[in-house]
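J.: Sharing a structure here in structure tokens format.
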Amino acid sequence: MKKFMPCAICGERHDELPTEYETLGPVYYEQMSEKEQETKSEMHDTWCVLNWTVHIIS
């Protein structure tokens, strides 16, 4: 069976499909320039602020 992408938690490749997914933040954060990320955002483990709007990261 095909091994999938490395696990974000343990780093190993597993045979089964992942049951949990992880993201660093909303796609809007990734689309911001580095300067905007530094001046218009604040990232934390479970929440972030983008352009003065709070987003919950689950």
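J.: Consider only pairs whose beta carbons are under 8 Å apart and that are at least six residues apart or on different chains; among these, list those whose first residue lies in the range 33-51 and is open to solvent by 70 Å² or more (accessible area, probe 1.4 Å) and whose second residue is polar (S, T, N, Q) and at pLDDT 85 or above.
T.: Hits for this filter: Asn51/Ser41.
J.: Looking at the range 9-32 only, could you name the residues that are at pLDDT 80 or above, of a type outside the set (Asp, Glu) and loosely packed, with under 12 Cβ neighbours inside 10 Å?
T.: Scanning the range 9-32 gives Cys10, Gly11, Arg13, Gln31.
The values are calculated or read from the model by the stated rules, or taken from the named source; none is laboratory data. All values reported here derive from a predicted model rather than from experimental measurement. No Cβ is skipped: glycine too gets one built from the backbone with ideal geometry, and neighbour counts run over all protein chains shown. Accessible surface is based on the protein model in full, side chains and every heavy atom, while ligands, DNA and RNA are left aside. Shrake-Rupley method; radii C 1.70, N 1.55, O 1.52, S 1.80 Å.
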